[in-house]
Amino acid sequence: MGTTWQLVMGYLRYRPLAATLSIGLLALGVGLLSLLVLLDQQLTRQFERNLAGIDLVIGAKGSPLQLVTSSIYHADAPTGNVPIAEVKAFGNPKHPLIEEAIPLALGDSYRGRRIVGTTQSFLGLYDASIAQGKTFDKPFEVVLGANAARKLALSLGDEFKSVHGLDDNPDLVHADGKSFSVSGILEPTGLVIDELIITQLQTVWDVHGSHDHGEEDAHDHDDHEGHDHDNHTGHDHADEHNVPTSEPRTLNPEPAAWYTKTDQNITALLAKFKGRNTMTLNFARNLNANTNLMAATPAVVMAQFSEQVSSAEDVIQALAIVIVLASMLSLLIILLNALRERKGDLSLLRALGATPGFIFGMVLLESVVLAILGSLAGLVLGRFGLWILNQQLADKYPVGQGAFALQTVEGYAVLGAIGLALIAALYPAWRAYRVDPGL
Amino acid sequence: MLLSEGLQFAYPSGTSLSLPDVSLEAGEQALILGPSGSGKSTLLGLWSGLLSPKQGTIQVGETEVHALTGRDRDHWRARHVGIVYQRPRLIESQSVFNNIALQSKLSGKPVDRAAILADMEGLQIAHLADRYPSDCSVGEQQRVGILRALVHAPQLILADEPTSALDTKNALAVADLLQQQAKLRGATLAVVTHDDRLRPLFSRTVELN
């Protein structure tokens, strides 16, 4: 083996261009496969982790996917608002099915970061703890997710004014509204909460209730967020801004029982069931059929979404496999060319006492070495691709811990590439096996 | 030590060649002379086990060469035969040292780096150990090729026209080197050539017609 290895490595070093071409092409194929696997793993992981045990999302009628992505992943516009009066029963701790219901009031942002009006339970949902300062005890106090604080360069005590909608549009700043004050910053969790600005429900209600609507006429509220305003009825002007209709706009502390504020609206309700039974299974169906509300099971919605995405993944995967096969063809051509170049060497080796089996093994080993190097380069390339994507999308889709770890599927891909390389090398090896030793 | 009797070889074209009986003692040095087409290289191929005779026997030491199977004959050749070519025939992708050590490795013997370097020193090529064949002169390559044929201490050294491409001075020097090294190692030496300039150097000559 030592002699074979030495000869093979000598040949690879002696003709680096051909070796590099072969390795590069295989690396491209394996790299693409690797990137797909890593992305898939990351997306699944992020989807699952951010579900945070939420069994059901309740909101205004519209697209279930939009409701889930806007309320759990904070990556889409909400479907609209719902009156608390319609969901108050779900907030009651005595509800027979629901263990916990966390309200969300969305609609404002600061420099592209979402402001989420909610209760303290929202922090518990993600096991988020305060790294600096304290939690939001009063209206207009905000707690920043770790990434939000870092990227917005905000510190404790800093103040800012929110923007209506999610676009960083200076025309939509609530210039006349009260400033938000940073009361705390969260420890990083690797979850979507890291990206958010969190405050009391009352804050969101106050912002939208207290600002001058006369001035708002200058805004194009039909365009912001793309809310589906057609799907919920009985809303007034304030509804179009995801805001409530209530009159009092005092800065009182948020009451413990948010669901008692039946004159207010929320955007969505994140619910956890007490257990799983037939009633919980039918719960969403009943809501959708008999009320103005929409209930979506995040796990089901995201599974359906993954299925839709998987057809695109299939195309990329097929492309990667074609590239791997093309690399094997190039490997075959490179080995045949090498055979022609080295015929004299092979004949000499036979004359010096190398057996045909030794020569056969040498060609196979060369092919396997190229396949291993190409595959390893591919695995590195896949991770480099993920790193590049992470640089671009880290704000919205940060990679989790272990994102770059080797996946079992990748191990199979490497073994597959080595197997294919062995098959590709069989013919050249057989021809080498038959080289005439001659003098 | 080398006993070759009743050899006949059939070429793929169907032509058959009869070769003279030859007997060489251990350590003996012989010149096999003959014009082109007289079967010199064929005889060398048969003695080294690279070619198989139609008839006849070849015995090297205790080994009946053509009684061995192909694989065993390859192993036997790797261990007991050293071949010197007209052209050095070195592997370009390997260093000079590795080219020499290659024969040791193929023979299954451990590579004694110090001994090989000492031999290289004796042939004034030690400084080339880490260089590649393309960095060496033709004369240096020829010495590398000779040392490769000797490094595994073979019983039999076969040289195929080792001097025919050289001028007289270098031809005599190469022949002298071969004879000295073969004697030093106690190996039997058979030099196959049509080069009459070597005739005075050998006490034993076999003529092929």
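The values are calculated or read from the model by the stated rules, or taken from the named source; none is laboratory data. As the structure is a computational prediction, the values presented were derived from the model and not from experiment. Because the Cβ atoms are built from the backbone with ideal geometry, glycine has one as well, and the counts that use them run over all protein chains shown. Surface accessibility is based on the protein's heavy atoms, side chains included, excluding ligands, DNA and RNA. Shrake-Rupley method; radii C 1.70, N 1.55, O 1.52, S 1.80 Å.
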With respect to A:Ile198, determine if the residue is in contact (Cβ under 8 Å) with a residue 60 or more places away in the chain and either outside any strand (DSSP E or B) or more than 30 Å from A:Ile54 (Cβ to Cβ) (or both). no
Here the residues within the range A:109-126 that are part of a strand (DSSP E or B), touching a Ser or Thr at 6+ places or on another chain (Cβ under 7 Å) and open to solvent by 10 Å² or more (accessible area, probe 1.4 Å) are A:Tyr110
By residue number, the members of the range B:134-192 that are open to solvent by 40 Å² or more (accessible area, probe 1.4 Å), β-branched (Val, Ile, Thr) and either in contact with a Lys or Arg (Cβ under 8 Å, 6 or more places away or on another chain) or not in a helix (DSSP H, G or I) (or both) are B:Thr168
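The rows are residues; the columns are (1) in contact with a helix residue (DSSP H, G or I) (Cβ under 7 Å, 6 or more places away or on another chain); (2) in contact (Cβ under 8 Å) with a residue 12 or more places away in the chain; (3) in the same structural domain as A:Asp263 (by TED's automatic domain parsing); (4) crowded, with 18+ Cβ neighbours inside 10 Å.
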position: A:Ala18; (1), (2), (3), (4): yes, yes, no, yes
position: A:Ser34; (1), (2), (3), (4): yes, yes, no, yes
position: A:Gln66; (1), (2), (3), (4): no, yes, yes, yes
position: A:Ser70; (1), (2), (3), (4): no, yes, yes, yes
position: A:Tyr73; (1), (2), (3), (4): yes, yes, yes, yes
position: A:Ala77; (1), (2), (3), (4): yes, yes, yes, yes
Taking the range A:149-159 and keeping residues of a type in the set (A, V, I, L, M, F, W, C) and surrounded by fewer than 17 Cβ atoms within 10 Å (Cβ to Cβ) leaves A:Ala153, A:Leu156
Scanning the range B:57-81 for residues that are touching a residue at least 40 places away in the same chain (Cβ under 8 Å) and closer than 15 Å to A:Pro437 by Cβ gives B:Ala78, B:Val81
By residue number, the members of the range B:60-91 that are in contact with a Leu (Cβ under 8 Å, 6 or more places away or on another chain) and at the interface with another protein chain (Cβ under 7 Å from one of its Cβ atoms) are B:Arg77, B:Ala78, B:Ile83, B:Arg89, B:Ile91
Exactly one of B:Gly61, B:Gly49 is at pLDDT below 95, open to solvent by less than 10 Å² (accessible area, probe 1.4 Å), under 19 Å from the mean Cα position of the chain (by Cα) and on the phi > 0 side of the Ramachandran plot, and that residue is B:Gly49
Restrict the check to the range B:70-84 and report whether at least one residue is open to solvent by 10 Å² or more (accessible area, probe 1.4 Å), over 16 Å from A:Phe358 (Cβ atoms) and of a type in the set (Lys, Arg). no
Restricted to the range B:199-209 and to residues being out of contact with any strand residue (DSSP E or B) (no Cβ under 6 Å at 6 or more places or on another chain) and either outside any helix (DSSP H, G or I) or open to solvent by less than 70 Å² (accessible area, probe 1.4 Å) (or both), the residue nearest to B:Pro88 (Cα to Cα) is B:Leu201
Q) Is it the case that some residue within the range A:327-341 is over 30 Å from A:Tyr412 (Cα atoms), in a helix (DSSP H, G or I) and within 14 Å of chain B (Cβ to nearest Cβ)? A) yes
Subset of the range A:160-188, residues open to solvent by 30 Å² or more (accessible area, probe 1.4 Å) and either closer than 17 Å to A:Ala105 by Cβ or among the β-branched types (Val, Ile, Thr) (or both), comes to A:Leu166, A:Val173, A:Lys178
Selection from the range B:92-131 of residues open to solvent by less than 10 Å² (accessible area, probe 1.4 Å), within 8 Å of chain A (Cβ to nearest Cβ) and either charged (D, E, K, R) or over 17 Å from the mean Cα position of the chain (by Cα) (or both) yields B:Ser93, B:Gln94
Checking A:Ala296, A:Ala303, A:Ala320 in turn, the sole residue that is in contact (Cβ under 8 Å) with a residue 60 or more places away in the chain, aliphatic (A, V, I, L, M) and more than 19 Å from A:Glu410 (Cα to Cα) turns out to be A:Ala296
Checked the range A:113-171 for anything under 26 Å from A:Lys261 (Cα atoms) and of a type in the set (Phe, Trp, Tyr); matches are A:Phe122, A:Tyr126, A:Phe136, A:Phe140
Of A:Gly344, A:Gly385, A:Gly357, A:Gly374, the only residue that is in a helix (DSSP H, G or I) and buried (at least 19 other Cβ atoms within 10 Å of the Cβ) is A:Gly374
- Task: Evaluate the following for B:Leu33: is it open to solvent by less than 10 Å² (accessible area, probe 1.4 Å), more than 30 Å from A:Tyr11 (Cβ to Cβ) and more than 14 Å from chain A (Cβ to nearest Cβ)?
- Result: yes
A:Arg431 vs. criteria in contact with a helix residue (DSSP H, G or I) (Cβ under 7 Å, 6 or more places away or on another chain), more than 14 Å from chain B (Cβ to nearest Cβ), part of a helix (DSSP H, G or I) and open to solvent by 30 Å² or more (accessible area, probe 1.4 Å): yes
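Let's see how each residue does on (1) open to solvent by 20 Å² or more (accessible area, probe 1.4 Å); (2) in contact with a helix residue (DSSP H, G or I) (Cβ under 7 Å, 6 or more places away or on another chain); (3) in a helix (DSSP H, G or I):
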{"residue": "A:Met9", "(1), (2), (3)": "yes, no, yes"}
{"residue": "A:Arg13", "(1), (2), (3)": "yes, no, yes"}
{"residue": "A:Gly31", "(1), (2), (3)": "no, yes, yes"}
{"residue": "A:Leu38", "(1), (2), (3)": "no, yes, yes"}
{"residue": "A:Gln42", "(1), (2), (3)": "no, no, yes"}
{"residue": "A:Arg45", "(1), (2), (3)": "yes, no, yes"}
{"residue": "A:Glu48", "(1), (2), (3)": "yes, no, yes"}
{"residue": "A:Gly59", "(1), (2), (3)": "no, yes, no"}
